[in-house]
Amino acid sequence: LARITPEAFAAEIADPDFAFRLAEVEDSLAGYIKLGPPDLPGDTPPATIELRQLYVLGPWQGAGIAASLTDWAFAEARARDVGHMQLSVYIDNHRARRFYEKRGFVEVGHYRFMVGDHADDDRIMRVAL
């Protein structure tokens, strides 16, 4: 997490290879999504974009915000002539995995995501656009 600094985040916002979308409810931030160049291990098809982050705060989970943000991400990826979108998700995040599967993502691999000295078991999922 040491790489996540205000300067690094500002650099991503300024980088045209990244795209962000915020979701607000009554002037409060309810969630956001971030797309960027693929950075996951393994074979990645050409013209792939990575769904790097999708977060919805608790009070708004289940209200359709994640679906709306994902619809925007699909439209943004298609506008960039991207053929695939991929992401990683923690193996025990069953709710997120079901959500992504409903959106057409399928599991294509796995990797160990290091959080400090602890390794999380993540799944790589991908959808053709």
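The values are calculated or read from the model by the stated rules, or taken from the named source; none is laboratory data. Note that the structure is predicted; figures quoted are calculated from it, not measured. FYI the Cβ positions are ideal-geometry reconstructions off the backbone, even for glycines, and counts take in every protein chain you see. Heavy atoms of the whole protein, side chains included, go into the accessibility calculation; ligands, DNA and RNA do not. Shrake-Rupley method; radii C 1.70, N 1.55, O 1.52, S 1.80 Å.
Some notes on this structure:
- Pick from the stretch 5-17, criterion charged (D, E, K, R) and part of a loop (DSSP other than H, G, I, E, B), ranking: nearest to W72 (Cα to Cα): D17
- Scan of the stretch 95-117 for residues that are open to solvent by less than 100 Å² (accessible area, probe 1.4 Å) and assigned to a strand (DSSP E or B), ordered by number: V106, E107, V108, G109, Y111, F113, V115
- Of all residues making up the stretch 18-54, the number that are over 30 Å from D117 (Cα atoms), open to solvent by 50 Å² or more (accessible area, probe 1.4 Å) and in a loop (DSSP other than H, G, I, E, B): 4
- When R78 is tested against (1) without any contact (Cβ under 8 Å) to a residue 24 or more places away in the chain; (2) farther than 21 Å from A30 by Cα, just one condition goes unmet, and that condition is (1).
- Selection count, the stretch 55-94, where residues are among the hydroxyl-bearing types (S, T, Y) and surrounded by fewer than 18 Cβ atoms within 10 Å (Cβ to Cβ): 3
- Filtered residue count, the stretch 73-94, keeping only those that are part of a helix (DSSP H, G or I) and either of a type in the set (G, A, S) or modelled with pLDDT under 95 (or both): 4
- From the options L87, L69, L35, L40, residue that is of a type in the set (A, V, I, L, M), touching a Ser or Thr at 6+ places or on another chain (Cβ under 7 Å) and under 26 Å from A10 (Cα atoms): L40
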